[in-house]
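Note sheet for the following structure.
The values are calculated or read from the model by the stated rules, or taken from the named source; none is laboratory data. Because the structure is a prediction, the values reported are computed rather than measured. Cβ placement follows ideal geometry from the backbone for every residue including glycine, while neighbour counts extend to all protein chains displayed.
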Amino acid sequence: MSLDADLLRTRLAGTRWDRIEVVEATGSTNADLVSRATTESVGGESIGGTVRITTDQTAGRGRHARTWTAPAGTQLAMSAAIDVGDHTEDLGWLSLLAGLAAVQGVEDAMGVRPTLKWPNDVLIDGKKVAGILSEYTRTEHGPSGPGGVAVIGTGLNTTMAAEQLPVPTATSLGLATGRDVPLTDLAASYLRALSDLLDLWPHDLDGLAARYRDSSDTIGRRVRLVLPGDRELVGTATGVDHSGRIVVDVDGEQVVAAAGDVTHLRPE
């Protein structure tokens, strides 16, 4: 199945996404929008509300400058730009709520509900089916004056075969469900969910945290948490707080982390 750009625009009418760009191939949908964030704002316009989508992303990026690659046509890469003004203290939530949008989008389009590994890995049966990267760019000229633009990028593995998966802990929607992947429906469901969740940001972080906890596969698990600087902790994840930070009980001490890598461990 291919992306139907006209149908996608129709399906997204009434959302915050007023410019939908479907391209055959590009290096990185995130990089495309980030590079335009400053230049387009110079003329008094903003790329906020722009979505860029492809099924062939040749130089995708993940967190910590990791590469994110997939054979042509086996992934749906989507980046969405929003004006964030001066709400920079809550930018960390954008990646988490994008994970929530991916959960909802996959459930609506595919009939299977993924879970989330903190902060934003989207899992089906414990295997990663999507990755998310959010980036912030400061702009000096925009529709409301100085502020900033955030670009939220999501890559969903759609039709990768088993031998095409980058690591054994990955999967694709086709493999996980045994079904064809309706790309237009999937993109529309995700982007509509993302638009709705962004209506809660940054004014209802408690509501976002409650929704995130409901979809979390990390809370309640024994985990290894690797913090910036390679400090490693092992404990039980007990929650995600108002700021989207993970809370881990390490021998009775509640450790709160805003950044880090989590590995789910087997129960002792």
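Some points to look at:
- Within the range 175-206, being basic (Lys, Arg) and out of contact with any Lys or Arg (no Cβ under 9 Å at 6 or more places or on another chain) holds for one residue alone: Arg179.
- When the range 216-246 is filtered for residues that are in a loop (DSSP other than H, G, I, E, B) and in contact (Cβ under 8 Å) with a residue 12 or more places away in the chain, the ones remaining, listed by number, are Asp217, Thr218, Ile219, Gly220, Arg221, Pro228, Asp241, His242, Ser243, Gly244, Arg245.
- Unique match (being β-branched (Val, Ile, Thr) and either farther than 17 Å from Thr29 by Cα or at pLDDT 95 or above (or both)) among Thr50, Thr69, Thr137: Thr50
- Residue under evaluation Arg113, criteria (1) more than 24 Å from Pro228 (Cα to Cα); (2) modelled with pLDDT under 95; (3) surrounded by fewer than 16 Cβ atoms within 10 Å (Cβ to Cβ); (4) of a type outside the set (Val, Ile, Thr), criterion not met: (2)
Here's the yes/no breakdown for (1) of a type in the set (Val, Ile, Thr); (2) crowded, with 21+ Cβ neighbours inside 10 Å; (3) under 18 Å from Ala130 (Cβ atoms); (4) assigned by TED's automatic domain parsing to the domain that holds Val23:
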residue: Met160; (1), (2), (3), (4): no, yes, yes, yes
residue: Leu165; (1), (2), (3), (4): no, no, yes, yes
residue: Leu183; (1), (2), (3), (4): no, yes, yes, yes
residue: Tyr190; (1), (2), (3), (4): no, yes, yes, yes
residue: Ser195; (1), (2), (3), (4): no, no, yes, yes
residue: Leu200; (1), (2), (3), (4): no, no, no, yes
